[in-house]
Amino acid sequence: MGIGIVQQAGHVENMESMKMAMQREAKEELCIDIDINDLEFVSLIHKINGIDTIYYNGYFKATKWKGEPKVGEPNKNEEIKWFDIHHIPENLVDDRKEAIKDYIEKIPYSEFGWEERKQR
């Protein structure tokens, strides 16, 4: 099984659901069209970054889309690569690694960065 859209990221805009944001970001960043009904919720990570920046990162799976994925924002992304889900690159962002682990282990919710926060 390959995984490719895990690095797509963005913020949910005003009056937009997570699925709507995923659909919009896929169009902007990957130049593909995903039907909102083809997005399957995988997991949510409650993340703290730094001292006080908190994120709720929602992860969705899409197994079909229209178009060929390509870099839609070259000023933000250099290239798209596909990897075996069990052999992801070491330089992948830490919470994305956590999301892939959660997906494999079928964990719908996890927390990231909070242990480091408690130690301060």
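As I understand it, the value is the acute angle between the Cα axis of helix 18-30 and the longest principal axis of the Cα atoms of the chain; what does it come to in degrees, rounded to 10?
It works out to around 60 degrees.
Measure nothing fancy, just the Cα-based angle from helix 94-105's long axis to the longest principal axis of the chain, in degrees from 0 to 90, nearest 10.
80
Please report, in whole Å, how far the alpha carbons of the chain spread along each principal axis, starting with the longest.
Each principal axis gives a Cα extent; for the chain these are 46, 37, 31 Å.
Rounded to the nearest 0.05, what FRET efficiency is calculated for Met15 and Ile54 with R0 set to 22 Å and r the Cβ-Cβ distance? Show your work: numbers first, answer last.
Working: r = 21 Å, r/R0 = 0.96.
The pair Met15/Ile54 has a calculated efficiency of 0.55.
With Cβ to Cβ distances under 15 Å as the rule, what net charge do the other residues near Lys101 carry (K, R +1; D, E -1)?
On the way: positive: Lys47, Lys61, Arg96, Lys97, Lys106; negative: Asp84, Glu90, Asp94, Asp95, Glu98, Asp102, Glu105, Glu111.
Neighbour charge sum, excluding Lys101 itself: -3.
Can you list the trypsin sites (Lys or Arg not before Pro) in the stretch 10-88 that are in a DSSP coil and have 15 or fewer other beta carbons within 10 angstrom?
Lys64, Lys70, Lys76, Lys81
Which FRET efficiency value, to the nearest 0.05, is calculated for Ile107 and Ile85 with the Förster distance at 22 angstrom and r the Cβ-Cβ distance?
0.90
Counting helices only, and only those DSSP H runs with n ≥ 4, report the 222 nm mean residue ellipticity of the chain as the sum of -39,500 (n - 2.57) divided by its residues, in deg cm²/dmol to the nearest 500.
Helix-only estimate at 222 nm: -7500 deg cm²/dmol.
Could you work out the Rg to Rh ratio of the stretch 40-103, with Rh taken as the Kirkwood radius (inverse of the mean 1/r over all Cα pairs)? Can you show the working numbers first?
Details: Rg = 13.8 Å, Rh = 14.0 Å.
With Rh from the inverse mean 1/r over Cα pairs, Rg/Rh is 0.98.
With both bridge residues required to lie in the chain, what share of the DSSP beta bridges run antiparallel, to the nearest 5%?
75
Taking springs between alpha-carbon atoms closer than 10 angstrom, which of Phe41, Phe83, Phe60 fluctuates most in the Gaussian network model of the chain?
Comparing Phe41, Phe83, Phe60 in a Gaussian network model of the chain, the most mobile one is Phe83.
All of the numbers you see were taken from the coordinates with simple rules; none came from a lab. Not measured: the values here are computed from a predicted model. Here the Cβ is made from the backbone with ideal geometry for all residues, glycine too, and neighbour counts use every protein chain on show.
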